[in-house]
Amino acid sequence: PGFRVSRASYVAGLLRPVVIRELRLADHGLELLPRDPASFTPEPDGPGLLLGPDRAANCAEIRRYSPRDAQRYPEYERLLERVAVTLEPWLDAPPPRSVAHALPLLAAGASRLGRALPRAWRLLRGAAGPILEAWFESEPLRATLATDAIIGAWAGPSSPGSGYVLLHHVMGETGGRRGAWAYARGGMGAISAALASAARAAGATIRCEAPVARIRTRHGRVVGVTLANGEEIDAPVVVANPDPRRTLLDLVGASALPRSLREGLEALDFRSPVMKINVALDRLPVFRRRPRNGAYLRGTIHLGASTLAELEASFAAARAGHLPERPMIELTIPSVIDQTLAPPGRHVASLFVQHVPYAPAGGDWEQLREAFAERVFALVDEHAPGFSASILHRDVLAPPDLERVFGISGGNIFHGAMSPDRLWWRRPLPGLGRYATPIRGLYLCGAGTHPGGGVMGACGRNAATAILSGG
């Protein structure tokens, strides 16, 4: 009692400015709290790497590890920003219908990128690890940057396509600052609450605790839904947020779908490397080599795997069905900024952990869940002694738990892999890329559609645009 935790998502930064503006979410109670600094990567024998919105301060931090990297870092950030500025308009519109329709957009984008096009293309299609190794020579800088490339993805830094995931996570902006991440005051549920308030103000009726058991169809057209309690609701249009497999195979039913679509859905990659741990704390952690004034606690603290090699080893272990000795850990303590989340003097923290397998070899999560959580806490203790002892309560969610609690296939937070072959009009599959399904009147609007995962609002807004324009 008295603690409020964001149980799954934990930071905001991708929410599209056009969604905030059009729905006037600030008028409906949404307040985003920017984080400065943005990240802290501690070291056992040094002060650690602190990064934030001040480019000069970042370069001074990086210079302690490599003068060459400090010189190159502004150029790297400018490249990411240039690519993001080019691609961002594509996030806020339904994708083109085909390659032919995409060619004018691609040509315009190539023109805007100019001489940066080869580097941008490598980032969009390649593996993040080799790209970062070409840019920088020092750790923990490379590993800190690489986390954005593998977060939520069944991938290591050397996996093809991880470059786009890195880029995806710098697309957003908070308070006019590109790539900045924030906390939502009151927890991430405050975003849902603001959206609900805006919807009700526009005349919507929202029913909670009303799970849908089936999407009803007749002669190839949607006719409504059946709730778990047996109630039937008729509707000429149904817009579904669950992932594509759950919507079409589970709620509609395979028998109502063309064979080619069934096979395509069954082949989608829903592997997840993610464990989420939420904890209530009786005090703030104190890091051995802490920067002055405790500001480092405001951002994301990178722990566990802290080099590209360790991140790769973490993925290799999970791919073999094992739990890594040193997984990647992102620790956030939002109550440092938002005092509404915990009683006075107490705090809440989230630990986003990967890589873990869905089905561990030699046991199951019922046997392994708590022991692995202890391993994670011990890695925090390496830098902040006493962290484990400060935990009052824990909530440990392995991939099967994420699947069960939140209804996402495989526990995949992106509703399916965000690999290059599953982006734009090919997300989730060719023929489903513009939100409409073969069932007339049934539309997809979740993270499995363009432009993908994260708390963006773009998938829903684009789906609404497609519906209002007749698909």
Give the residues of segment 392-410 that are farther than 12 Å from PRO242 by Cα and surrounded by 17 or more Cβ atoms within 10 Å (Cβ to Cβ), sorted by residue number. VAL396, LEU397, ALA398, PRO399, PRO400, LEU402, GLY410
Is at least one residue of segment 274-284 out of contact with any strand residue (DSSP E or B) (no Cβ under 8 Å at 6 or more places or on another chain), among the basic types (Lys, Arg) and open to solvent by 90 Å² or more (accessible area, probe 1.4 Å)? no
Just the residues that are open to solvent by less than 20 Å² (accessible area, probe 1.4 Å), within 23 Å of MET275 (Cα to Cα) and hydrophobic (A, V, I, L, M, F, W, C), please, taken from segment 16-47. PHE40
Residue in segment 288-305 that is farthest from ALA155 (Cα to Cα), counting only those that are hydrophobic (A, V, I, L, M, F, W, C) and buried (at least 22 other Cβ atoms within 10 Å of the Cβ): LEU297
Any residue in segment 103-125 that is more than 17 Å from TRP424 (Cα to Cα) sitting within a Cβ distance under 7 Å of a residue that is open to solvent by 90 Å² or more (accessible area, probe 1.4 Å) and not β-branched (Val, Ile, Thr)? List the pairs, counting only those 6 or more apart or interchain. LEU113/ARG82; ALA116/ARG82
Here are GLY230, GLY253, GLY224: which of them is within 22 Å of GLY410 (Cβ to Cβ), of a type in the set (Gly, Ala, Ser) and at pLDDT 95 or above? GLY253
Take segment 46-80 and flag every residue that is free of Cβ contacts under 8 Å to residues at least 24 places away in the same chain and in a loop (DSSP other than H, G, I, E, B). ASP54, ARG64
Residues of segment 313-350 being closer than 19 Å to ASP36 by Cα, open to solvent by 10 Å² or more (accessible area, probe 1.4 Å) and not polar (S, T, N, Q), which ones? GLU330, PRO334, VAL336, ILE337, HIS347
Looking only at residues that are open to solvent by 50 Å² or more (accessible area, probe 1.4 Å) and farther than 28 Å from VAL380 by Cβ in segment 48-62, which one is modelled with the lowest pLDDT? ARG55
Within segment 230-259, which residues are more than 15 Å from CYS445 (Cβ to Cβ), open to solvent by less than 20 Å² (accessible area, probe 1.4 Å) and of a type in the set (Gly, Ala, Ser)? GLY253
Answer yes if at least one residue in segment 262-270 is closer than 22 Å to ALA447 by Cα, open to solvent by less than 10 Å² (accessible area, probe 1.4 Å) and not aromatic (Phe, Trp, Tyr), and no otherwise. yes
Taking the stated definitions as given, is PHE387 of a type outside the set (Asp, Glu) and closer than 18 Å to ALA153 by Cβ? no
Please list, ordered by first then second residue, the pairs with beta carbon atoms under 6 Å, 6 or more apart or interchain, first in segment 196-223 and under 28 Å from GLY253 (Cβ atoms) and loosely packed, with under 12 Cβ neighbours inside 10 Å, second modelled with pLDDT under 95 and among the hydrophobic types (A, V, I, L, M, F, W, C). none
Residue identified as under 15 Å from VAL11 (Cβ atoms) and among the aliphatic types (A, V, I, L, M) among LEU331, LEU323, LEU311: LEU331
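The values are calculated or read from the model by the stated rules, or taken from the named source; none is laboratory data. Since we're looking at a predicted model, the values are computed, not measured. Every residue, glycine as well, gets a Cβ built from its backbone with ideal geometry; the counts of neighbours run over all protein chains shown. Note: areas computed on protein heavy atoms with side chains; ligands, DNA, RNA excluded. Shrake-Rupley method; radii C 1.70, N 1.55, O 1.52, S 1.80 Å.
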